[in-house]
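Some notes on the structure that comes next.
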Amino acid sequence: MRGTILHAPGDVRIEDRPDPAITAPTDAVIRVAASCVCGSDLWPYRGIEPVTEPTPMGHEYVGVVEAVGGDVRRIRPGQFVIGSFFASDNTCDICRAGYQSSCVHREYVGAGGAQAELLRVPLADGTLVATPEAPDEDLIPGLLTASDVLGTGWFGAVAADVRPGKTVAVVGDGAVGLLAVLAAKQLGADRIIAMSRHADRQKLALEYGATDIVTERGDDGVARIKDLTGGLGAHSVVEAVGTQESMLQAIRSTRPGGHVGYVGVAHGVTLPGEELFYSHVHLHGGPAPVRRFLPELIDLVTSRSIDPGKVFDLTLPLDQVAEGYTAMDERRAIKTLLRP
């Protein structure tokens, strides 16, 4: 099969790789119908995370089941499925509490590289969710977002305790931030403030339910949020970047007693203990337990209640994956969808 390999920062290639096989009786192998480039893929692409050896890339996927192991009971060949970037058994105490991305048996599905024609998915019964029927072609982008960025944005909003009538601020205008805006709208937020400097992303944020746009960053961004909220700050803030500046901006934009949901993969983030102590701000986040939300999100997409697939503003064949990375790195694209 063909698959994406990152050899060094800025060096992404399509190569012939061995077809994945069933290696455990709980595995499934799927033929990938669509995958994509994630903002977190840009960390090693930019050299911010070390690249020490050729690495398969991609952890977001939808596709059709080709084969299953002998212990797989729920998932069958021929089904169209969506799964999380972390495989989980969905039965352990941690999974039953709703934190499948910390399953005691979790495995990183992306280790096999989903930006490829085929993908092995461990713990298939607990990880994969099948659609009721083969989806219409135009629904595939939206279903693909459920594999990560929609589920992550949704978890960010849930972790930030978004509720009807609340004011929400979203730090970050990538795909996760934009879909956190969509999630906040679906969860009933009264006011949604999107922090963005880019006209195309501002437009989509407004379409997804943002009521206000803040273009300032850092301390200026915090001051603007305070101005918009009577000096108090937002009830709920979603942090969807993962930098020191974005985390502090999120915390400082939150009113006492408010909640920050942080879902940006943290790089170099340290928290000022004394400031946090006196802020009375709740912090909750981490790798999104996408599997918790998949049935609801699949239903929302297939019923056409939401259209999260609009975050894909560039679609390329898998052979042109390098351009997909470059376009996102240069901010010419919000998110690149890849078709084998």
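The simple spin-label model puts a point 7 Å past each Cα toward its Cβ; for Leu206 and Ala130 those points are separated by 4.4 nm. Here the dipole of segment 99-185 is about 500 debye; that uses its Cα centre as origin and unit charges on the Cβ of Lys and Arg (positive) and Asp and Glu (negative). Count Lys and Arg as plus one, Asp and Glu as minus one, and take only other residues whose Cβ is under 10 Å from that of Gln115; the net charge is then -2. Taking a ≥ b ≥ c as the square roots of the eigenvalues of the alpha carbon gyration tensor, segment 243-340 is oblate, as a/c is not under 1.5 and a/b does not beat b/c.
In this rough spin-label picture, where each label sits 7 Å from Cα along the Cβ direction, the Thr315-His280 distance is 5.0 nm.
Accessible area per residue for the chain, computed on protein heavy atoms with a 1.4 Å probe, is 41 Å².
Taking a ≥ b ≥ c as the square roots of the Cα gyration tensor eigenvalues, with a/c under 1.5 meaning rounded and otherwise prolate when a/b beats b/c, else oblate, which class fits segment 173-229?
Verdict is oblate for segment 173-229.
Counting only protein heavy atoms and a probe of 1.4 Å, the accessible surface of the chain is 50% carbon and sulfur. Expressed in Å, the radius of gyration and Dmax of the Cα atoms of segment 25-105 are 15.2, 41. Our estimate of slack between Ala97 and Glu216, defined as 0.36 nm per intervening residue step minus the Cα-Cα distance, is 39.1 nm. Placing +1 on the Cβ of every Lys and Arg and -1 on the Cβ of every Asp and Glu, with nothing else charged, gives the chain a dipole about its Cα centre of roughly 660 debye. In plain terms, the chain is cut at each of the trypsin sites (Lys or Arg not before Pro) found in a DSSP loop with at most 14 other Cβ atoms within 10 Å, and the longest leftover piece is 75-196.
Filter the GluC sites (Glu not before Pro) in segment 256-340 to those in DSSP coil with at most 10 other Cβ atoms within 10 Å of their Cβ, and list the result.
Loop-located and lightly packed - Glu330.
Placing unit charges on the Cβ atoms of the charged side chains and taking the dipole of the chain about its Cα centre, the candidate lying farthest along the positive direction among Tyr108, Ser246, Val281 is Val281. Extension gain for Arg197-His105 works out to 29.1 nm (0.36 nm per residue, less the C-alpha to C-alpha distance). Shape class for segment 202-245: oblate, because the ratio a/c of the largest to smallest gyration tensor axis (alpha-carbon atoms, square roots of eigenvalues) is 1.5 or more and b/c is at least a/b. For the pair Asp190 and Arg339, label points projected 7 Å from Cα toward Cβ lie 4.5 nm apart.
The values are calculated or read from the model by the stated rules, or taken from the named source; none is laboratory data. A quick note: this is a predicted structure, and the numbers were derived from the prediction, not measured. Because the Cβ atoms are built from the backbone with ideal geometry, glycine has one as well, and the counts that use them run over all protein chains shown. Protein only, heavy atoms only, side chains kept; ligands, DNA and RNA dropped before computing areas. Shrake-Rupley method; radii C 1.70, N 1.55, O 1.52, S 1.80 Å.
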